[in-house]
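Structure first, then comments.
Every number here is computed from the coordinates shown, using simple stated rules; none is lab data. Quick caveat, the model's predicted, so the values are computed rather than measured. Every residue, glycine among them, receives a Cβ derived from its backbone with ideal geometry; neighbour counts consider all protein chains shown.
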Ligand code: CTP
Ligand code: CA
């Protein structure tokens, strides 16, 4: 499973990747977020860049650096900003990989002043964010669209459902409850599913190695590949 990075087998391809969490602001000092650190998305961006792709990496708030001249990084904070950034690059992309952990809800009211504590409980009303990936599935022309799914149970069943419902070409399913997989780790365990290749297990490996494995599977399905 050694990959020779001198092979520029993604040269000429425009790849759009989202990574990391989003932050949904409550007031000037507080926000809702999740445990995503962006490592899987950054590994994918670096792997694609090393293989010659021209990569746009839309990143939520993470403490990582993207180390490759082929990577153009766009930093965003909220799900809404990620939606705008992704859509502004979508048309001209050949391959889109949405590994970001986008917030499903945001506070309905964003306070301009710091909220002061009061006696008793606090209820914050939340509203849905837009589903970026689903909107890409609807807008898709020739782009190869890859989603991610983070699950704690019934991972494969939920993943298959997301592949269908969001009109994806492939999905990478993470069972975040498994040791060695998911948020913050340098390793991952996942399953790749596409209509053409079926289900492929991606065994425990570094996120960088897994990124190359994911690209190898995607490559077999891109137009023009000899398989
Ligand atoms: N996603 C997105 N925009 C959202 C929510 C999710 O683009 N507002 C994308 C993620 O980037 C990921 C995929 O959808 O590629 C699946 O995310 P996940 O949270 O696993 O699924 P959801 O569709 O949000 O369903 P749920 O959280 O209820 O399992
Ligand atoms: Ca979600």
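Computed over region 1-128, the Cα gyration tensor eigenvalues convert (square root of 5λ each) into semi-axes of 36, 14, 11 Å, ordered from largest to smallest. When Rg and Dmax are taken over the Cα atoms of region 36-103, they come to 11.2, 31 Å.
Here the label points at residue 183 and residue 114, each 7 Å from Cα along the C-beta direction, are separated by 2.6 nm in the simple model.
Rg and Dmax over the alpha-carbon atoms of region 103-227 stand at 18.7, 67 Å. Once the Cα atoms are used to define both axes, helix 39-50 deviates from the longest principal axis of the chain by about 40 degrees.
In the chain, the DSSP beta bridges split such that about 40 percent are antiparallel, to the nearest 5. Quick one: helix 155-165 against the long Cα principal axis of the chain, what's the angle to the nearest 10°, folded into 0 to 90? Long axis of 155-165 versus the principal axis of the chain: about 90 degrees. Comparing 122, 215, 163 in a Gaussian network model of the chain, where Cα atoms under 10 Å apart are tied by springs, the biggest mean-square fluctuation is seen for 122. In region 168-215 the Cα-Cα distances spread across 10 Å bins starting at 0 as 29, 55, 17, 0 percent of all pairs. Debye-formula intensities of region 59-133, expressed as log10 I(q)/I(0) at q = 0.18, 0.24, 0.26 Å⁻¹, are -0.88, -1.26, -1.37 (one equal scatterer per alpha-carbon, no solvent).
When the P(r) of region 22-68 is calculated, the portion above 16 Å amounts to 46% of the C-alpha pairs. Sorted largest first, the principal axis extents computed over the alpha-carbon atoms of the chain equal 66, 35, 32 Å. To the nearest ten degrees, helix 79-90 and the longest principal axis of the Cα atoms of the chain are 30 degrees apart.
For the pair residue 8 and residue 157 in one chain, pulling the backbone fully straight at 0.36 nm per residue adds 50.1 nm over the alpha carbon distance. Site pair residue 142 and residue 122 shows an inter-label distance of 5.1 nm when each label is modelled 7 Å from Cα along Cα→Cβ.
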